[in-house]
1. Pairs needed: first member in region 7-21, touching a residue at least 24 places away in the same chain (Cβ under 8 Å) and more than 10 Å from Ile37 (Cα to Cα); second member anywhere, among the charged types (D, E, K, R) and part of a strand (DSSP E or B); C-beta distance under 6 Å; at least 6 residues apart or different chains.
2. Within region 155-172, restricting attention to residues that are more than 17 Å from the chain's Cα centre (by Cα) and under 24 Å from Gln226 (Cα atoms), which residue is surrounded by the fewest Cβ atoms within 10 Å (Cβ to Cβ)?
3. Of all residues being in a helix (DSSP H, G or I) and surrounded by fewer than 22 Cβ atoms within 10 Å (Cβ to Cβ) in region 91-137, which is modelled with the highest pLDDT? Just the residue, please.
4. Sort through Ala63, Ala31, Ala42 and tell me the only one that's aliphatic (A, V, I, L, M) and crowded, with 21+ Cβ neighbours inside 10 Å.
5. For Ile88, indicate whether it is hydrophobic (A, V, I, L, M, F, W, C), surrounded by 23 or more Cβ atoms within 10 Å (Cβ to Cβ) and over 27 Å from Leu234 (Cα atoms).
6. All but one of (1) over 16 Å from Ala115 (Cβ atoms); (2) out of contact with any Gly (no Cβ under 7 Å at 6 or more places or on another chain); (3) in contact (Cβ under 8 Å) with a residue 40 or more places away in the chain hold for His47, so report the exception by its number.
7. Criterion first (of a type outside the set (A, V, I, L, M, F, W, C), free of Cβ contacts under 8 Å to residues at least 12 places away in the same chain and surrounded by fewer than 20 Cβ atoms within 10 Å (Cβ to Cβ)) does Gly151 satisfy it?
Amino acid sequence: MGQVSFTVEKGVGTIEFYHPAHNSLPGRLLAQLAQTIREAGADESVHVVVLRSTGERTFCAGASFDELLAIESFAQGKEFFMGFARVINAMRQCPKLILGRVQGKAVGGGVGVAAATDYCFATRHAAVKLSELAVGIGPFVVGPAVARKVGQAAFGQMAIDATRWHDASWALEKGLFARLFDSIAEMDEAIEALAHTLAQSSVEAMVQLKKVLWEGTEHWDTLLEQRAEMSGRLVLTPPARRAIEAFKKK
């Protein structure tokens, strides 16, 4: 279940993902999302990308707990977490600027996806939480993307206090969100305005700006793979298995 769609209109490429379980991202959707981002980056008719999810309440619930519980080996564990690594690296390597649209709560990997956008819009309902430590793992793969936006200290606060929601105002103050709105309608109007402006801007200038914005991350292909290995080992430990089972039953 779930899907990823891609449409282009007047230079704006819109990528939208959906899953009935609060827009969570199982491995199949992660692979589709990474591939679609790469396709948008290679499409000459696309000047700017908008990344969004469906619905009004949850932007992204992060990893699929069913898939986490089904992991039986280190190889499977690493491959699952590499799904998030590939999405983040696809966003990083995409030559087009990516605008994020966060209409509701974001958890774990969902926070990582929001952090990997180049300019992120959100509503006041967009609370964020890094819950990984609470299930015996840790936000290792998404950590570099989140810390790059909010700073190491704020990332540490989120990672350590893993059951706490941080409201959208906090995320705005820390730099995860660039603009905050009272309603989805107001947010969508602002996204459309900026996307339209960027679609008419110099493509080459935006490509160079993207490179400048991501300077210092050239090693992330290796770094995120190493982080996926960390999570792939931890997800097999008894504390993690018990915590994930308990979390899934809530």
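The values are calculated or read from the model by the stated rules, or taken from the named source; none is laboratory data. All of these numbers come straight from a predicted model, not from anything done at the bench. Note: ideal-geometry Cβ built from the backbone for every residue, glycine included; neighbour counts use all protein chains shown.
1. Pairs that qualify, where the first residue is touching a residue at least 24 places away in the same chain (Cβ under 8 Å) and more than 10 Å from Ile37 (Cα to Cα) and the partner is among the charged types (D, E, K, R) and part of a strand (DSSP E or B), are Glu16/Arg52.
2. This residue is Ile160.
3. Here the residue is Gln93.
4. Numbers: Ala31 fails: crowded, with 21+ Cβ neighbours inside 10 Å; Ala42 fails: crowded, with 21+ Cβ neighbours inside 10 Å.
Exactly one of Ala63, Ala31, Ala42 is aliphatic (A, V, I, L, M) and crowded, with 21+ Cβ neighbours inside 10 Å, namely Ala63.
5. no
6. The failed condition is (2).
7. No.
Residue-by-condition table, conditions (1) modelled with pLDDT of 95 or more; (2) among the small types (Gly, Ala, Ser):
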residue: Asp161; (1), (2): yes, no
residue: Ser183; (1), (2): yes, yes
residue: Met187; (1), (2): yes, no
residue: Leu209; (1), (2): yes, no
residue: Leu223; (1), (2): yes, no
residue: Lys248; (1), (2): no, no
